[in-house]
Amino acid sequence: MNTQLSEAPVREAATNGPGPAIRLATLPAGGAAPTVDAAPEYVVELRDVSCYYGAFRAVRNVDIKVAKNAITALIGPSGCGKSTLLRTINRMNDLVPSYRSEGQIMLDGQDLFAKEVDPVAVRRRVGMVFQKPNPFPKTIWENVAFGPKVNGYKGNLNELVETSLRRAALWDDVKDKLKQSGMSLSGGQQQRLCIARTIAVNPEVILMDEPCSALDPRSTLQIEELMAELKREYTIVIVTHNMQQAARASDTTVFMTMGEDRAGFVVEQGPTAQIFTNPRNQLTEDYVSGRFG
Amino acid sequence: MTTAARPLTRHRPLSERIIEVLLFLSAAVGVVTTLGIVAVLVFETLDFFVVVSPIDFFTGTFWSASILPRAWGVLALVSGTVLVAAIALVIAVPLGLLAAVFLADYASPRVRTVVKPILETIAGIPTIVLGFFAVNFISPQLLIPLLGRNNIGGFSALAGGIVVGLLITPLIASISEDSMRAVPRGMREGAYAMGATRFEVVRKVVFPAAISGIMASIILAMSRAIGETMAVLLAVGAKPQFTIDPTESVQTMTAFIAAISLGETAQGSIEFKSLFAVGLTLFGMTLVLNLISGWVVRKYRTAY
Amino acid sequence: MTVANPTAPPATPVAPRFEPALMRRKLTGTIFYGACLAAIGVLLLALTFLLIDVFRRGLPWLDLGFLSGVPSRRPANAGILPALVGSFQVGIFVAIFSFPLGVAAAIYLTEYAKDNWFNRLLQTNISNLAGVPSIIYGILGLALFVRLLGLGPTSLAAGLTMTLLILPVVIIASIEALKAVPDAQREGAYALGATRWQMVRGSIFPAAAPGIMTGLILAMARAIGEAAPLLLIGASVFVTFLPNPLEGSYTVLPIQVLQWASRPQADFQGISAAAIIVILALMLVLNGLALVVRARLSRHIQW
C-alpha cells in the first residue's frame with residue numbers, strides 16, 4: 001500500500017531521467033551544486049511566521065530554513081497559504097491593505113520585519129517571478145533594463161541586458177528583436193523574460209509563485225532546466241501545485257496544509273527525495289500520494 | 001552590487017515624499033474648484049440680496065434686468081429653463097432609450113459599428129452648432145411650415161428644446177446601453193428559455209434590471225439640459241416670461257447669464273450682480289439633480 | 001351558460017391551457033423593433049440635415065481669404081484668423097495645464113490614496129464637478145482668474161477656466177485607464193525593487209498612456225468646441241488682430257459663430273456656417289489624432 005501510493009509521482013518523474021529514486025536521492029536536479037547532505041548554508045530563515053488578512057489568520061507559526069544555492073519547493077493544497085507565505089518573504093503582501101505578519105524572517109542575519117527595514121530595499125534583494133508572466137508593455141530591452149534603472153545601476157546597461165537574457169536562456173530567441181514588445185513573445189518566452197528581468201537586479205533569492213502554471217509542458221520543462229542552471233548563483237524558493245515538478249526540480253520540499261481554523265501550517269520539510277519517498281507524516285504521505293489535495 | 005552595498009534599511013527619498021504631495025495637491029484642485037464656485041456664487045449673491053429681497057427673487061414671476069421698471073422674479077427664468085428641459089426630455093427619453101435597446105439587444109456587431117459613431121458624432125458636435133441648426137433649420141424649415149407663421153416665431157422654447165433634446169439623446173443612450181449590457185446573459189437566456197419573445201425579454205427582464213442606470217441617465221440628461229447654454233442662447237430668444245407655452249420665445253437661466261456677459265453691462269451694476277444670483281439658482285438645481293442621480297445609482301444598483 | 005348543468009359529468013381535470021398568442025406577441029415585438037429603427041433613423045436624419053444645412057450655407061464662403069482674414073462688417077471680407085488663433089491658444093493652454101494636473105490627480109486617486117473619507121470625498125467631488133453647467137465655470141473664472149489673479153480677460157485666463165471645466169473629464173478618463181492596468185503590472189515593478197513612483201512612472205503610466213492621451217485629446221476637443229464660460233471671460237468682443245495670450249482681448253471660434261449667427265442677414269449666417277465647418281474640421285482632426293496616438297502608444301500593449 002505504502003509503496004504503491006508513493007510511487008505515483010516518482011513514476012512521472014521517471015520520464016525525465018534515469019531511475020527516479022536514485023536521481024532524487026543522490027543528485028538533486030541541476031547536478032554539481034551542493035547537495036542536501038553537506039551542511040548547508042541558510043540564506044533565509046523564517047522563524048515562527050504568522051500571516052493575517054484582517055482578523056483571519058492565513059498562515060500560522062511557520063519555521064522554514066532556505067538553503068543557499070538550492071531550490072526549495074513549497075507544496076500543499078490550494079488555499080493553504082503557500083503564496084501568502086512566499087509573498088511575505090519579499091514583503092509583497094505589504095501592498096494588501098489589511099495584511100500583517102508576525103514572527104521573523106532573517107535574511108543574512110537581518111530581520112526583514114524590523115521597523116527600520118524598507119520593503120523596497122527588501123525586494124531589491126529578494127526577486128519574484130509570478131504565476132502569470134507579467135512583462136511590462138515596453139520593449140524587451142526596456143523590460144530587462146527596468147530593474148537596474150530603478151536601482152540606480154551605473155554600468156553598461158546593454159551588457160547587463162544581454163547577460164541577463166543569456167542567463168535566462170532567452171538571448172538567442174530575442175537578440176534580433178530587442179525593440180519589440182515584451183508582450184509579443186510566447187508565454188514561455190515571456191516567463192523567461194520575467195526571469196531575465198528579475199536576475200538583472202542580481203537578487204540573492206528568487207521567489208517563484210507557480211511560475212509554470214500558465215505554460216505548456218514544453219515551456220515548463222525549459223523553465224525547470226533554467227532553474228537548475230540558476231541555482232548555481234541564486235537561491236530559489238518555488239511555490240508549485242505540480243508535485244511532479246517539485247519532485248523533479250527541487251532539492252528541499254516543504255509541505256504545508258490547512259488546519260481546522262483554515263490557517264496554513266508546515267507539516268513537514270526535508271530533502272525532496274525523502275518527502276516524496278519516505279514521508280514521516282501521514283498528511284504528507286496522503287498528499288504526495290495523491291490521496292488528498 | 002555586493003550584499004554589503006545594499007542595506008535593507010533605507011530612508012525613503014525626499015523626492016518620493018515631494019512627488020506624493022504634488023500628486024495630492026493636484027487631486028485637491030477639484031475640491032478647491034468646488035469651494036471656489038460655492039464661495040463666489042454665495043458671496044456675490046449675498047451682495048445682490050442686499051438690494052433685492054430674496055423672497056421677491058425666488059417667488060417673483062417677472063424678470064426685467066435691463067429695462068425699467070426692473071423686476072427680479074427668477075421664476076420667469078426658471079420656467080423658461082424647465083420648459084426647454086422638459087421639451088428636450090420628451091424628445092430625448094424615447095429616442096435615447098430606443099437607441100439604447102437597439103444597441104444592447106437588437107443590433108449585430110456590424111450594425112453597432114455604424115450606429116455607435118452616429119451617436120458619438122452627435123455627442124461631439126459643439127453645442128453652438130446645434131443653436132445654429134435651430135435658428136436656420138428647425139425653426140424656419142420644420143416648425144414654421146408645420147405650425148404656421150402665426151403660431152410660432154423664429155425663436156421658441158420648442159426650437160431650443162428640440163436641439164437640446166438632440167444633444168442629450170446620446171447621453172441617455174450611452175449610459176442606458178451600458179447598464180442594459182451589464183444585465184447578465186443568463187437572465188436573458190432564462191427568459192428566452194421560457195418562451196419569451198425578444199421584446200418581452202427586453203421589457204420584462206432587461207429593462208427592469210437596468211432601471212437604475214436608465215433613471216440615472218435621464219436625471220443626468222435633465223441636469224445637462226438645464227445647464228446648456230450655447231444651443232439655447234441662439235434658439236429660444238431673449239424674452240424672460242413665466243409660461244408653459246412651447247411656441248413662445250423664452251429666456252433660460254444660462255441664456256440670461258450669457259446675455260448679460262455679452263452686453264455692455266457695467267460689472268458693478270445690479271444687473272451684473274443678478275447674474276450671480278441666477279448662477280447660484282442654476283448651480284443649486286443641477287447639484288440637486290446630480291446628487292439624486294448618484295443616489296439612484298447607489299440605491300437601486302443591482303448586484304448580479 | 002351561466003348555470004352549470006348538474007347532470008353533466010364533472011369536467012375532467014385538464015392541463016392548464018396555454019394561449020401563447022404568438023402572432024400578437026410577435027407583432028408587438030415587430031412594432032417595437034420598428035420604433036427602435038425609427039429612433040435611429042430620426043437621429044441619423046437630424047445629423048444629416050444638420051451637416052447638409054451647414055455645408056450648403058457655409059461652403060461658398062470658405063476659402064483661403066476666410067481662413068486668413070479678420071472679422072469685418074462686410075461678410076465678403078470677413079475672416080476667422082483671430083478666432084482660430086484664439087482657439088488654438090486656449091486649446092494649448094488647456095493641454096499644458098490639464099495634462100499634468102489631470103494625470104497627477106488620477107494617479108493620486110488610483111495609486112496613492114488610502115481608502116478614507118477624505119479621499120472618497122475627493123473622488124465624489126470630481127464626479128459632481130463633471131455635472132456642473134459649463135457657464136458656472138465662467139463665473140468662477142471671472143472671479144478667480146480675471147479679477148483675483150488680475151489676468152484680465154485674456155486667452156490665458158480663458159485657458160485656465162477651460163482647464164477647470166475639462167479637468168474632471170480628464171481625471172475620470174485617466175482613472176479608468178489606470179484602473180484597467182492589471183495589478184500584475186504593479187507587482188512586477190515592485191518585485192524588482194521599484195518605489196511607488198518608479199512603479200507608476202515606469203510601468204503603470206506607459207500601460208495606461210493610450211487611454212489617458214485619448215481622454216486628454218477628446219477633452220481638448222471639448223474645450224475648443226465649448227464656449228459658454230468664455231462669454232464671461234471676455235471672449236465676446238470684436239477682435240480684428242491676433243490675440244496676445246497675456247494681454248488684451250481675444251475671441252474663439254464658437255463665439256465668432258455666435259456673433260455672426262446672431263445677425264439676421266443671410267450672408268452673416270453664411271460666414272457663420274463657414275466658421276462651423278472649420279470647427280467641425282478641427283473636431284475631426286482631433287478625433288483622428290486621438291486614434292493615431294492611441295494606436296501608437298498601445299503598440300507594446302496586449303492584454
| Where does helix C:81-107 land angle-wise versus the long Cα axis of chain C, in degrees 0 to 90, nearest 10? | 60 degrees
| said: Looking at chain C as a GNM with Cα springs under 10 Å, which of C:Ser98, C:Ser262, C:Ser272 has the largest mean-square fluctuation? | reply: C:Ser262
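What's the average, rounded to a whole number, of partner chain beta-carbon atoms within 10 Å of each residue's beta-carbon in C:197-207? If you can, show how the numbers build up before the last one.
Values: counts 9, 7, 3, 2, 2, 8, 7, 2, 0, 4, 3.
Partner-chain Cβ atoms within 10 Å, mean over residues of C:197-207: 4.
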| Sequence-distant residues sharing a close amide H with A:Ala70 (under 5 Å, placed H) | A:Ile236
| Rg followed by Dmax, in Å, when region A:82-139 is reduced to its Cα trace | 12.7, 40
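For the protein assembly as shown, what proportion of DSSP beta bridges, expressed in % and rounded to the nearest 5, is antiparallel? If you can, show how the numbers build up before the last one.
On the way: 30 of 48 bridges.
Around 60 percent antiparallel, to the nearest 5.
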| task | List B:Arg17, A:Arg197, C:Arg186 from most exposed to least, where exposure is judged by having the fewest other Cβ atoms within 10 Å. | result | B:Arg17, C:Arg186, A:Arg197
| remark: Distance in nm between C:Phe55 and C:Val285 label points, each 7 Å along Cα→Cβ, equals 1.9 nm
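Give me the net charge of A:Gly259's neighbourhood, meaning all other residues with Cβ under 13 Å from the Cβ of A:Gly259; Lys, Arg count +1, Asp, Glu -1.
Working: positive: A:Arg57, A:Arg60, A:Arg262; negative: A:Glu260, A:Asp261.
Taking every other residue near A:Gly259 into account, the sum is +1.
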| R0 of 51 Å, Cβ-Cβ distance C:Leu37-A:Leu157: FRET efficiency to nearest 0.05 | 0.25
| task | Quick one: work out the % antiparallel among DSSP beta bridges in chain A, nearest 5. | result | 60 percent
| query | Which stretch or stretches of region B:253-278 have amide N atoms under 19 Å from the point lying 7 Å from B:Ala39's Cα along the Cα→Cβ direction? | reply | B:276-277
| note | With 0.36 nm assigned to each residue of separation and the Cα-Cα distance removed, A:Ser184 to A:Asp261 gains 23.3 nm
| remark: Relative contact order as a percentage, chain A, C-alpha pairs under 8 Å and 6+ apart, gives 29 percent
| Mean ellipticity per residue at 222 nm, deg cm²/dmol - from DSSP H runs of n ≥ 4 across chain A, formula -39500 (n - 2.57) | -10500 deg cm²/dmol
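Sorting check: for C:197-209, A:88-100, which peptide has the highest mean count of neighbouring beta carbons within 10 Å, and how do the rest follow? Could the numbers behind the result be given before it?
Numbers: C:197-209: 21.7, A:88-100: 17.9.
The peptides rank, most packed first, as C:197-209, A:88-100.
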| Calculated FRET efficiency for the pair C:Lys26/B:Ile244, C-beta based, R₀ 60 Å, to 0.05 | 0.90
| query | When the Karplus curve 6.51 cos²θ - 1.76 cosθ + 1.60 is applied with θ = phi - 60°, which whole-Hz ³J(HN,Hα) does each residue of region C:274-279 get, with x for Gly and Pro? | reply | 4, 5, 4, 4, 4, 4
| field | Note, ³J(HN,Hα) from phi for region A:189-194, Karplus 6.51, -1.76, 1.60, rounded to Hz, x at Gly and Pro | value | 5, 4, 5, 5, 5, 5
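Would you compute, from DSSP H runs of 4+ residues alone, the mean residue ellipticity of chain C at 222 nm, taking -39500 (n - 2.57) per run and dividing by the full residue count, rounded to the nearest 500?
Value at 222 nm, helices only: -21500 deg cm²/dmol.
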| So what is the relative contact order of region C:75-297, in percent, for Cα pairs below 8 Å that sit 6 or more residues apart? | 30 percent
| Stokes-Einstein at 10 °C, 1.306 mPa s, Kirkwood radius from Cα pairs: D for chain B in µm² s⁻¹? | 71 µm²/s
| note | When chain A is treated as a Gaussian network with springs between alpha carbons less than 10 Å apart, the largest mean-square fluctuation among A:Thr163, A:Thr253, A:Thr198 is found at A:Thr163
| Amide H of B:Val250: which non-local residues (sequence gap of 5 or more, or other chain) have their own amide H closer than 5 Å, using H built in the peptide plane? | B:Ala157, B:Lys239
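If you stretched the chain out fully between B:Val32 and B:Ala123, how much longer would it get, using 0.36 nm times the residue separation minus the C-alpha to C-alpha distance?
Going from the current span to full extension adds 29.9 nm.
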| remark: log10 I(q)/I(0) for chain A, Debye formula on C-alpha points only (no solvent), q = 0.07, 0.14 Å⁻¹, two decimals, reads -0.26, -1.04
| note | What the Cα atoms of region B:113-226 span along the principal axes, largest first and in whole Å, is 56, 27, 27
| Ranked highest first by average number of other Cβ atoms within 10 Å, how do B:64-73, C:158-167, B:123-132 line up? | C:158-167, B:123-132, B:64-73
| query | For region C:75-297, with only Lys/Arg (+1) and Asp/Glu (-1) charged at the beta-carbon, what is the dipole magnitude about the Cα centre, in debye rounded to 20? | reply | 240 debye
| So which residue, out of A:Glu41, A:Glu204, A:Glu162, gets the largest mean-square fluctuation from a GNM of chain A using Cα contacts under 10 Å as springs? | A:Glu41
| remark: Using eta = 1.567 mPa s and T = 4 °C, Stokes-Einstein with Kirkwood Rh from Cα pairs puts D for the protein assembly as shown, in µm² s⁻¹, at 40 µm²/s
| said: Counting C-alpha atoms alone, how compact is region A:181-275: give Rg to one decimal and Dmax as a whole number, in angstrom. | reply: 14.7, 47
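If you add up the charges near C:Leu142, with Lys and Arg at +1 and Asp and Glu at -1, over every other residue whose beta carbon is less than 13 angstrom from its beta carbon, what do you get? All intermediate terms of the calculation are to be shown ahead of the outcome.
On the way: positive: B:Lys273, C:Arg147; negative: B:Glu44.
Residues near C:Leu142 contribute +1 overall.
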| note | Taking R0 as 22 Å and r as the Cβ-Cβ distance between B:Tyr192 and B:Arg112, the FRET efficiency 1/(1 + (r/R0)^6), rounded to the nearest 0.05, comes to 0.60
| task | Just grab the label-to-label distance for A:Lys177 and A:Ala55, each label 7 Å out from Cα along the Cβ direction, in nm (one decimal). | result | 5.3 nm
| request: Give, in whole angstrom and from largest to smallest, the semi-axes √(5λ) of the equivalent ellipsoid of region C:75-297, with λ running over the eigenvalues of the Cα gyration tensor. | output: 37, 19, 14
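Bear in mind these aren't lab numbers, they're just calculated from the coordinates by the rules spelled out. For clarity, every value in this text was computed on a predicted model and none was experimentally measured. Quick reminder, even Gly has a Cβ in these numbers, built from the backbone with ideal geometry, and neighbours come from all protein chains shown.
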